[in-house]
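Quick notes on the structure that follows.
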Amino acid sequence: MTHHQYPDRQQPQSSATGVQLNHTAVLATNRQRSAEFIATILGLEVGAPFGPFLPIDLGNGVTLDYYEMREEPVQPQHYAFLVPEEQFDAMIARLEAAGATYYADPRHTEPGQINTLFGGRGAYFEDPDGHNMEIMTRPYIRP
């Protein structure tokens, strides 16, 4: 196994369980366009390129590392973001300003509506590559 050293990466912080998500690669046909889209909606900034990746720091020790794939189609994935209640309306406004349709449901059958699951608010929308993005103000309650 080959190990690559990325000196600018922050050292992992331990948690109660010892396991944390550090980063995930988000495949895109145009990494700049896709990274700027989600960063704008979430009110974040796109970081400097990091090898083949264009990172967005989510502020909780996790980065979305956008990776460009032009040779084959991108398989859409689902990414859910727990967002502060006081920022939700601004995110919806940024979706509207970007001309992106948001939905109350993950199957995108209720356009222009939000959901109120678990006492919070949420919405789903597609990024430029068809990834099903979700913003929610309350985490799901799991059994």
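Quick notes
- Cβ-Cβ contacts under 8 Å between residues 6 or more apart (or on different chains), taken from a first residue in the range 126-143 that is under 20 Å from residue 110 (Cα atoms) to a second residue that is of a type in the set (A, V, I, L, M) and part of a loop (DSSP other than H, G, I, E, B), are listed as 126/100; 130/74; 131/74; 135/83; 136/83; 137/83.
- Residue, surrounded by the fewest Cβ atoms within 10 Å (Cβ to Cβ), within the range 109-125, restricted to residues that are over 17 Å from the mean Cα position of the chain (by Cα) and part of a strand (DSSP E or B): 111
Yes or no, residue by residue, for (1) without any contact (Cβ under 8 Å) to a residue 12 or more places away in the chain; (2) touching an Asp or Glu at 6+ places or on another chain (Cβ under 7 Å):
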position: 25; (1), (2): no, yes
position: 49; (1), (2): yes, no
position: 59; (1), (2): no, no
position: 64; (1), (2): no, no
position: 70; (1), (2): no, no
position: 75; (1), (2): no, no
position: 82; (1), (2): no, no
position: 92; (1), (2): no, no
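Yes/no matrix, rows are residues, columns are (1) buried (at least 16 other Cβ atoms within 10 Å of the Cβ); (2) modelled with pLDDT of 95 or more; (3) assigned to a loop (DSSP other than H, G, I, E, B):
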{"position": "33", "(1), (2), (3)": "no, yes, no"}
{"position": "41", "(1), (2), (3)": "yes, yes, no"}
{"position": "54", "(1), (2), (3)": "yes, yes, no"}
{"position": "60", "(1), (2), (3)": "no, no, yes"}
{"position": "71", "(1), (2), (3)": "no, no, yes"}
{"position": "75", "(1), (2), (3)": "no, yes, yes"}
{"position": "99", "(1), (2), (3)": "no, yes, yes"}
{"position": "107", "(1), (2), (3)": "no, yes, yes"}
{"position": "140", "(1), (2), (3)": "no, no, yes"}
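- Selection count, the range 43-52, where residues are over 21 Å from residue 125 (Cβ atoms) and either outside any loop (DSSP other than H, G, I, E, B) or open to solvent by less than 50 Å² (accessible area, probe 1.4 Å) (or both): 2
- Number of residues in the range 129-138 that are surrounded by 16 or more Cβ atoms within 10 Å (Cβ to Cβ) and out of contact with any Leu (no Cβ under 8 Å at 6 or more places or on another chain): the value is 4.
- Hits in the range 74-101 (condition: in contact with a His (Cβ under 9 Å, 6 or more places away or on another chain) and of a type outside the set (A, V, I, L, M, F, W, C)): 76, 77, 78, 79, 101
The values are calculated or read from the model by the stated rules, or taken from the named source; none is laboratory data. Here the structure is a predicted model, which is why all the values come from computation and not from measurement. Note: ideal-geometry Cβ built from the backbone for every residue, glycine included; neighbour counts use all protein chains shown. Note: areas computed on protein heavy atoms with side chains; ligands, DNA, RNA excluded. Shrake-Rupley method; radii C 1.70, N 1.55, O 1.52, S 1.80 Å.
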